[in-house]
Structure formats: structure tokens, C-alpha cells
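**Q** Sharing a structure with you now.
The values are calculated or read from the model by the stated rules, or taken from the named source; none is laboratory data. Note that the structure is a prediction, hence the values are computed from the model and not measured. Reconstructed Cβ throughout: ideal geometry from the backbone, glycine too, with neighbour counts over all protein chains shown.
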Amino acid sequence: MYEERLDKRQFDELRPIELETGVVPNANGSARFKIGGTEAIAAVYGPAEVKPKHLEKSDQGIIICKYDMMPFSVPDRAKPGIDRRDMEISLVISNALSRAIMLEEFPSSMISVYVYITQADAGTRCASLTAASMACADAGLPMRDLIAAVAVGKIGDSIVADLSKAEEDYEGGATDIPIAFLPSKDEIVLLQLDGEVSKDELKKAIELGRKEANKIYELEKAALKRRFTYESKD
Amino acid sequence: MLFVKNYDVVTPGEMLADEGVGGSGTYTEDKKIFSKYFGTVILNKDWINVTQLNGAYIPKEGDEIIGKIAAVEGTYWAVDIDTSHYCRLDAREANTGYRIEDLSELMDVGDVVYAKIIRVGKDLSSSLGLRGGRYGKLPASMLVRFNPMKISRIIGKEGTMINLLRERSKCDILLGKNGVAWVNGDKMGMEAVLAAINVIDENSYMGDISGKVREILDRYTSQKNNAE
């Protein structure tokens, strides 16, 4: 049984969050998202000319995402460059973003999203997605909504939110379920599952994910507005 | 019902109203109006509009822009206006009245041109025009990049800000809607304009920008007086 969490958190408690936009001066938009020991930095460039040319779509734009873990982000040095896992995460991020961004407004153009993980302690794909959506909003792209992503999971018999690496490696068996939402539309744009859960447990996990994603969504909105608080003064 | 006030900062996906008509920068789903951009709300009598705070320039018909000649082709110039696609400036827009064998005699790669967007294609590629009098090649001088969404701040209310800059720095200033300003004058004046545009760009959400701009211009005037 998993009665108390390793870091003494509540089952539905997130790790401390830091959010910031405008961290990469040369990019059109950028954001940094830190949750506990996981930190992602996202930068967005474009819309620009599509390269390579054969990817071009004449009726809508495309998103190219590059996710990479920095060599020093994990205890054992990560080999620089894109490996199989990086390719998978790049794909799920660009798929989720293409649901949020109104791509039909940029025919035959390309939006490039670069996400780098500077520190990893589980939940990096969720952190990347949240940072990437903030960066897109900062870049002034037309979007249906921001994305709020959170990893929920099952440890022992308990459904918990925002697993750390130590919890993922828990001996009694742990299941990792990253979920991403468009909170104001209540739409799921990413749902992955690594491990074993029953149908009821998955429903409970999604319910918990929705609740936690809304918390992150409020923080995202506050962080975006923080830089421009003077504007609302008439 | 309306959920926002005038000049509120909103994020994409934020619900603005559950009835009424959405203006620019908004989209409607299930009769509810949502913001499309990260920007500020501008309410007028009939519509709710959202103006972006950041963003790349998207070409629009009728916009006056400043571009650089990127390539000279047989019958047209390709112009770089800082968008996703090069613009096309047709040779007959040059209105010379006679046939030109080599277009680079008129404008060569690297020359700066002031022109109007006359047509935007479906894929955001656009054509430029020079007809209408004041368009054409600009003498080589300083170009300043700024956030294209901030152009109304650089112009100011009824042109107060741009007139202030022109009068005090004694420079010719031409603004392109694509986020490029062409500045011509003496060296110190151009530096003052550059500093002023950067200040407007970075502090456009603060209250008193014209005070800051005046400060820069005052410093410039006193430096100039000292030099004389």
C-alpha cells in the first residue's frame, strides 16, 4: 500500500511551479515552466517559409517541434541529439499543439517549436507541452486555448497527481498517465498510459488530471498577464 | 453577458462574452465569444475586438511597407518584407515609360523600397505596387526594426508621438506596417530616434511613454548643443 507520498505531498498536490514568458530574446515567443525538479524551456519561431518544401500544405500551416533533453538534465549523462524517445515526444507535442493553434490562418507556412529540458524529474512531456503552449501564446499565434498538461498516475492502489522520478520507480508498481487539456474547452489533446490500470481507475485518473490541469491553467494565465499588467490601467 | 472590461489583458481561449458579435481577434463557438490572441480587449459599440500584444506581421491589402530587394528576376523584383514569403514587385509598377532591359539598373539587390501591398494571395504570398506617388526606392539610410503590433504606439494619438520624434530629432522617419522604420538625418539624431523607438517597443504597456521619449530627446538636444 502507498499510504504516504515519498515527498510528504497530498495525493492531489502538485510540486511547486514556476512560470515565466519572454526568456529567449531572439525567439518570437518563449516560456519557461518549472514543476519541482523538472524544467522545460520552449521557444517559438515563425510563421516562416516551409523547409523542407515537400511538407508544405497549401491550405494550412504546419508545426515542427523539436524536443531535446540536455546532457546534464539527468543523473546519467543523456547523449546529445534526437533519440527514439525524443522523436516520439516531439510528435505528441506537435499533434497536441496543432489542435490548439489555428493553423488554417497560416497557409503554406511553418511554425517551429523548440523545447529543451534543462532538468528532468519525471513529467517532462507535460512540462514541455505547457511551456510550448505558453510560448505560442507569447509569440502572438492565434489559438483556441492554452494547453495545460499534468502527469497523473497510480502508485500501489492510490491515484496521485504529478509523479516524481522516485515515485515512478516505486517498487510496488507505478503507472504513469500524462494528460493534456484545453481547459476552457474541456478537450483532451494528449493521453498516454504506461503501466496497468482498470477502467474505473483510469476514469478517476482523468478526473484528477482535469482538476490539476485547471490549477496549472490559472497559473499560466497569471504568468502571461504578469508582464503586461500596466496595460490594463486606462 | 460581457465578462471583460475595456483594455483588459486576455489570454487565448478566455471567454469574453456569451452573446453578441465578435470582432477581430476573436472566434465564436456555441454562440460564445472567445479570444484568439494574447492581447488587450478593445470594446466599441457593436463589437468586441482583441488586439495582439506580440506577433509576426501578416500581410494585408493596402498596407504600406518597407522592404529590401532580395533578388532581381526577368520581369519582377523579389522583396523581403519580414514575412514568411517573399513579395513580388512587378516591373510594370516602376512606370518608367520605356522598356528596361535590366531591372537591376533601377533597383538592385539590397536596395530599400517603400511600397503598398496591392494583392495578398491565398497562401499569404503578396504583390507590391508603386503607383500612387510617394512610393519607390529609398536612399540608403538606417533601418530600425520594431514589433509590428506596436506601430500605433509609435505613431501615437493622431500622430503626436511620430511628430514629436520628427520635430525634435530633425530626422525623416518613414514607418512600414511590417515593423521596419526608415530613418534619415544626422548621426546623433538617428541614434536618438533608435533609442526612442526601442523604448516605445519595450515599454508600450507602461503608462507614460511620451515622458520617457521626451527624456531621450532632451538628452539628445543638450548633447547637440554641447557639441556646437
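**Q** With the structure loaded, tell me whether A:Lys66 is charged (D, E, K, R), at pLDDT 95 or above and farther than 26 Å from A:Ala161 by Cβ or whether it fails that test.
**A** In short, yes.
**Q** Give the range B:141-157 a look and list any residue that's more than 15 Å from B:Lys177 (Cα to Cα) and modelled with pLDDT under 90, or say none.
**A** B:Lys157, the sole residue that qualifies.
**Q** Limited to the range B:189-214, what total is found for residues that are surrounded by 17 or more Cβ atoms within 10 Å (Cβ to Cβ), more than 17 Å from B:Arg166 (Cβ to Cβ) and small (Gly, Ala, Ser)?
**A** Summing the residues that are surrounded by 17 or more Cβ atoms within 10 Å (Cβ to Cβ), more than 17 Å from B:Arg166 (Cβ to Cβ) and small (Gly, Ala, Ser) in the range B:189-214 gives 1.
**Q** Right, here's the next one. Condition check: more than 8 Å from chain B (Cβ to nearest Cβ), of a type in the set (A, V, I, L, M) and surrounded by fewer than 24 Cβ atoms within 10 Å (Cβ to Cβ). Does A:Leu103 satisfy that?
**A** yes
**Q** Looking only at the range A:67-81, count how many residues are in a helix (DSSP H, G or I) and either over 17 Å from the mean Cα position of the chain (by Cα) or aromatic (Phe, Trp, Tyr) (or both).
**A** 2
**Q** In the range B:4-32, what count of residues is obtained for those that are within 12 Å of another protein chain (Cβ to nearest Cβ) and either on the phi > 0 side of the Ramachandran plot or not small (Gly, Ala, Ser) (or both)?
**A** Going through the range B:4-32 one residue at a time, the tally reaches 20.
**Q** Residues of the range A:110-135 being among the polar types (S, T, N, Q), closer than 23 Å to A:Pro16 by Cβ and surrounded by fewer than 24 Cβ atoms within 10 Å (Cβ to Cβ), which ones?
**A** Residues satisfying the conditions are A:Thr118, A:Gln119.
**Q** Hey, another quick one. Which ones in the range A:10-20 are free of Cβ contacts under 8 Å to residues at least 40 places away in the same chain and in a loop (DSSP other than H, G, I, E, B)?
**A** Correct list: A:Gln10, A:Pro16.
**Q** Any idea how many residues of the range B:55-105 are modelled with pLDDT of 90 or more and outside any loop (DSSP other than H, G, I, E, B)?
**A** Of the residues in the range B:55-105, 18 are modelled with pLDDT of 90 or more and outside any loop (DSSP other than H, G, I, E, B).
**Q** Here is a list: A:Asp162, A:Asp138, A:Asp157, A:Asp145. Which entry is touching a residue at least 24 places away in the same chain (Cβ under 8 Å), more than 10 Å from chain B (Cβ to nearest Cβ) and buried (at least 24 other Cβ atoms within 10 Å of the Cβ)?
**A** A:Asp162
**Q** Can I ask one more? Within the range A:106-131, how many residues turn out to be within 14 Å of another protein chain (Cβ to nearest Cβ) and over 8 Å from the mean Cα position of the chain (by Cα)?
**A** Here the count works out to 7.
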